[in-house]
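Heads up, the thing below is written out as structure tokens.
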Amino acid sequence: MKQLQGMALFVEVAKARSFSRAAAVLGMPRSTLSRQITGLERAVGLRLLSRTTRKVELTDAGQLYFERCQRIVGEAVLAHEELQGLVANPSGLLRVNLPADFGTDFLAEEFLEFSRRYPDLAFHLDLAAPEHADRVFQRCDVAIHVGERPDSSLIARRVATLTAALYAAPSYLDRAGEPRAPEDLARHECIGFRHEPLGQPGRWRLQNGDRRAEIDPHRRFSVNSMAMARRLAYMGAGIAMMAQTGTQQDLAAGRLRRVLPDWHTGPVPVYAVTETRLLPARTRLFIEFLGARLAGGFD
């Protein structure tokens, strides 16, 4: 049991690449965690971690040990949860990485409902995109990915779809005229979305039943925030592509008007992505919850 505990502590440090972050996740003092890992290294007779003042890296032996221990610890956690009945009442910290605008606009209500179902859970929502995609799982349990299916080495479950359409303020359309066909967008001011989750960056790919159109719109503004794109559209800066859900109030209030109403983009898939199939109950239940709640998409 003591050896398994040491493995579990080592796995957290290896995932976080930091004693401080791992200690925060584990809820224990950093000094205690450091002593435990040092004791583990003495027990196995090899240095597992290379420590500097700025970072912690795995040695070659540590990388091998981590790959083996991660599966062992994951299986032990699952067995423990099942024995303790935690599948029905999960507890602990659920760490989710997701795009900021998408999380704010579409998933805030889902997180609140899930928290009400499972009151013993705590949540850390990381709304910042990781600097390196392959490191996201060092600080989260599940990542929400919008767009094309992620790297095949990861486990991805499709939980929803998005459809987007074109919108503009009445003031802009009164001034510039209303496009009647996708080709007309070439003479309009458009608001581009870099790293757009609701379509490909650069060209806009539109569809109307079996008809398809690929447009390279003229842009004076290019942004990486849905909120900024929406705000610029309100102010009459041009035509923006936005998810259909979330615009109803603006349409009703007259702040926005649908452009080319028979055309849209999508469907764009939304995935819940994990590093392994061996998931704690809280992570597995959250993914199943999203799949059930969002099965109809956001249209």
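The values are calculated or read from the model by the stated rules, or taken from the named source; none is laboratory data. Quick caveat: nothing in here was measured; it's all calculated off a predicted structure. As a convention, Cβ positions derive from the backbone with ideal geometry for all residues, glycine included, and neighbour counts pool all protein chains shown.
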TODO: Keeping to region 180-199, report how many residues are modelled with pLDDT of 90 or more, under 18 Å from residue 225 (Cβ atoms) and either touching a Leu at 6+ places or on another chain (Cβ under 7 Å) or hydroxyl-bearing (Ser, Thr, Tyr) (or both).
DONE: 1
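Might you let me know whether region 27-35 holds any residue that is within 28 Å of the chain's Cα centre (by Cα), assigned to a helix (DSSP H, G or I) and farther than 19 Å from residue 138 by Cα?
Step one: filter region 27-35 for residues within 28 Å of the chain's Cα centre (by Cα), giving 27-28.
Applying the additional criterion that residues be assigned to a helix (DSSP H, G or I) yields none.
Checked region 27-35: no residue is within 28 Å of the chain's Cα centre (by Cα), assigned to a helix (DSSP H, G or I) and farther than 19 Å from residue 138 by Cα.
So, in region 149-179, exactly how many residues are of a type outside the set (A, V, I, L, M, F, W, C), outside any loop (DSSP other than H, G, I, E, B) and in contact with a Leu (Cβ under 7 Å, 6 or more places away or on another chain)?
So the first thing to find is which residues in region 149-179 are of a type outside the set (A, V, I, L, M, F, W, C), and the list is 149-153, 157-158, 161, 163, 167, 170-172, 174-175, 177-179.
So of that shortlist, the ones also outside any loop (DSSP other than H, G, I, E, B) come out as 157-158, 161, 163, 167, 170-172, 174-175.
Within this subset, residues satisfying the condition of being in contact with a Leu (Cβ under 7 Å, 6 or more places away or on another chain) are 167.
Going through region 149-179 one residue at a time, the tally reaches 1.
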- [ ] Sort through 103, 147, 202, 177 and tell me the only one that's under 19 Å from residue 237 (Cα atoms) and modelled with pLDDT under 90.
- [x] 202
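If I ask for residues that are in a loop (DSSP other than H, G, I, E, B) and closer than 30 Å to residue 71 by Cα, which ones from region 250-279 would you list? Talk me through it step by step, then tell me what you get.
Narrowing region 250-279 to residues in a loop (DSSP other than H, G, I, E, B): 254-256, 260-263, 275-279.
Of everything in region 250-279, those that are in a loop (DSSP other than H, G, I, E, B) and closer than 30 Å to residue 71 by Cα turn out to be 275, 276, 277, 278, 279.
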Task: Residue list for region 203-233, filter: more than 16 Å from residue 264 (Cβ to Cβ) and surrounded by fewer than 18 Cβ atoms within 10 Å (Cβ to Cβ) - done: 216, 218, 219, 220, 221, 222, 224, 225, 227, 228, 231
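Table: residues versus (1) buried (at least 17 other Cβ atoms within 10 Å of the Cβ); (2) in contact with a Ser or Thr (Cβ under 9 Å, 6 or more places away or on another chain); (3) without any contact (Cβ under 8 Å) to a residue 60 or more places away in the chain.
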| site | (1), (2), (3) |
| --- | --- |
| 28 | no, no, yes |
| 31 | no, no, yes |
| 35 | no, no, yes |
| 53 | no, no, yes |
| 59 | no, yes, yes |
| 69 | yes, no, no |
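When you go through 113, 41, 109 one by one, which is the residue that is touching a strand residue (DSSP E or B) at 6+ places or on another chain (Cβ under 9 Å), at pLDDT 90 or above and either in the same structural domain as residue 21 (by TED's automatic domain parsing) or more than 17 Å from residue 141 (Cα to Cα) (or both)? Break it down stepwise before answering.
Working: 113 fails: touching a strand residue (DSSP E or B) at 6+ places or on another chain (Cβ under 9 Å); 109 fails: touching a strand residue (DSSP E or B) at 6+ places or on another chain (Cβ under 9 Å).
None of the other options fit; the residue is 41.
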